[in-house]
């Protein structure tokens, strides 16, 4: 049976019902140039599966036709043994995406894990490649990889200011390997002086970040896709797609409410700055669930702030217009808290802040370059490196806040630490245009080595 298995050296794990055409074609071509086989793995509708077939990209679909089966107690026990936790806890991050019902996610989890059980009998996979994220498909793939000795590479881009660089690791959702990053040994290419010049440009807002524009499906295309899935009885995806469209309408209706409640004016006097995270960000749903309820954090900070100090909360740029009115009104009811719109320049807010409080944010990186004290709540990807203050839970917060403005970082030490991290990153990026897929594939192969390659 083993001899008849299809072998793939590298498999890209795609998002739910997604076809990332440019990335998969680029990686397929780049790996083929090195004599490596490549495929895509996902949980998609028949419509999306046919798109991959039209691209001539090998595709492994975890989904089987028909409706999602109901779970019984025996299957739940089997799943929880495989996952090492309860199914309720495992689907918690995904339940924040478009408010998908947990009961439906339990059945989707069962379908995905059943798919992995079947592919283990049909395919030999050397390495699974992921973007960052907390979707069920990605976390189930991690479970499968650990249980079956499959290599995993997660591509990260933090901090986004380091153009053309990525870090590659094996942990979920930006969790830095405790033993450190695998070195890329390229300090000989970038001198410390040149790197300092880059940091100066970032600090002075002369290094602008450009992301590729996210693709958006027009309503006519969405209607065509919807009809196609209805014809094929793909009711799971129809329900999901309609749910997302309804959320989009609600997003636009809430837009005015968010703007009515937030300001663009930076307040006078002493304040600490807390940038709000996207509510379903895996940094809080997976890595820091103790800080999941951000209103609770804001309210608690407002209670324990030193006398005369305010808290400035800035909406995430991706949250402008997507914040429930109830959240806005609850924050505005706190007398020593100022809520700012997402489009306000964080650089200017940091410049006037006494200190910066983050969970996991690029704002922390920018604050360090402005020599501002930074307090990290929970586990930051670059925490515990001597650059920041820490409060692993809210019990430590009052004392940490009391000493925050007097805990300025050592600027020279910060720059040396960032230089070391920069040298440990790989010369590649998947979200900066134009993407060099050859460099990306080479970086993945360098990181994994020969462990991903199966003998013919």
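The values are calculated or read from the model by the stated rules, or taken from the named source; none is laboratory data. As the structure is a computational prediction, the values presented were derived from the model and not from experiment. Backbone-built Cβ (ideal geometry, glycine too); neighbour counts: all protein chains shown.
What's the number of the condition residue 402 fails, among (1) assigned by TED's automatic domain parsing to the domain that holds residue 24; (2) more than 23 Å from the chain's Cα centre (by Cα)?
(1)
Residue check: is residue 142 more than 16 Å from residue 287 (Cα to Cα) and crowded, with 18+ Cβ neighbours inside 10 Å?
Details: more than 16 Å from residue 287 (Cα to Cα): no; crowded, with 18+ Cβ neighbours inside 10 Å: yes.
No; evaluated as a whole, the condition is false for this residue.
Report, by residue number, each residue of segment 346-373 that is in a loop (DSSP other than H, G, I, E, B) and without any contact (Cβ under 8 Å) to a residue 40 or more places away in the chain. Reasoning before the result, please.
Residues of segment 346-373 that are in a loop (DSSP other than H, G, I, E, B), as a first pass: 353-354, 359-361, 370-373.
Within segment 346-373, 372, 373 qualify.
Failed condition for residue 376, given (1) in a strand (DSSP E or B); (2) closer than 19 Å to residue 279 by Cα; (3) modelled with pLDDT under 90, with all others met?
Just one mismatch for residue 376, condition (3).
Looking at (1) over 27 Å from residue 387 (Cα atoms); (2) loosely packed, with under 14 Cβ neighbours inside 10 Å; (3) under 26 Å from the mean Cα position of the chain (by Cα), which is the only condition residue 323 fails?
(2)
Take the conditions touching a strand residue (DSSP E or B) at 6+ places or on another chain (Cβ under 8 Å) and within 30 Å of residue 35 (Cα to Cα) and apply them to residue 374. Does it pass?
On the way: touching a strand residue (DSSP E or B) at 6+ places or on another chain (Cβ under 8 Å): yes; within 30 Å of residue 35 (Cα to Cα): no.
No, not satisfied.
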